[in-house]
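Taking it in order: structure first as structure tokens, then the write-up.
Quick note: the coordinates plus some simple rules give every number you see, no bench work behind them. Since the model is a prediction, treat every value here as computed from it, not as a measurement. Quick reminder, even Gly has a Cβ in these numbers, built from the backbone with ideal geometry, and neighbours come from all protein chains shown.
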Amino acid sequence: MLKIKNTSWIFALAIFAASCTSYKDVEFKGTENFQLGKLDGKKISISFDAKLNNQNAYTIKIKPSDLDVYIDNVQVGTVHLDEKVKIKRKSEALVEIPLTVELGPGALINLSMIMLKKTVNVRLTGDVKGGVWFLSKKQRIDETREISTDKLKLQF
């Protein structure tokens, strides 16, 4: 009887490991409901809904992480994911992303100059930690997106 239990445990572990090897990247399909909070000292709260497509057979959890933020190749600060984000399995859904941006030295002057433009390139770089159940992995992020400045109205 003991031998059967050990064999079934190894079999279950093998199935679990096989399912992890078939990981598919989560597809980013855009954003909606972008909200820029009030400036509080050198911190700005931001939230938006990200349209994400997770074709994996398991929910993926993104843990709070820090990324460097560049606007038009000028570092303006660090963005922090405030809460753990869950991306449900086999779904395409809007996921709320709450962020806090901590501005670096001279960032307010740079932001005021940026607001004079119609569009800016926003680049995020750093490591994001995500996981499934008790397994986690760091993923290097280096993404650049063009954003219209009409979405970036700061409330001073």
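Expressed in nm to one decimal, what extension gain is obtained for the pair residue 22 and residue 139 from 0.36 nm per residue of sequence separation less their Cα-Cα distance? Kindly include the intermediate steps, with their values, before the conclusion.
Details: separation 117, 0.36 × 117 = 42.12 nm, distance 1.66 nm.
In short, 40.5 nm is gained.
Past 26 Å, Cα to Cα, is the threshold; run 24/117; 84/138; 43/88 against it and keep the listed order.
Checking Cα-Cα distances, 24/117; 43/88 exceed 26 Å.
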When 71, 60, 141, 109 are arranged by how many other beta-carbons sit within 10 Å of their Cβ, fewest first, they go 109, 141, 60, 71
Quick calc: nm separation of the 7 Å Cα→Cβ label points for residue 150 and residue 53 -> 2.7
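Give the dimensionless ratio obtained when the Cα radius of gyration of the range 9-149 is divided by 2.2 N^0.38 Å.
Working: Rg = 17.5 Å, N = 141, 2.2 N^0.38 = 14.4 Å.
Normalised by 2.2 N^0.38 Å, the Cα Rg of the range 9-149 equals 1.21.
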Computed over the range 2-151, the relative contact order (Cα-Cα under 8 Å, seq sep at least six) in percent reads 21
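Full-extension gain between residue 89 and residue 121, please, as 0.36 nm times their residue separation minus the C-alpha to C-alpha distance. Let's see the in-between values first.
Values: separation 32, 0.36 × 32 = 11.52 nm, distance 3.10 nm.
The residue 89-residue 121 span can extend by a further 8.4 nm.
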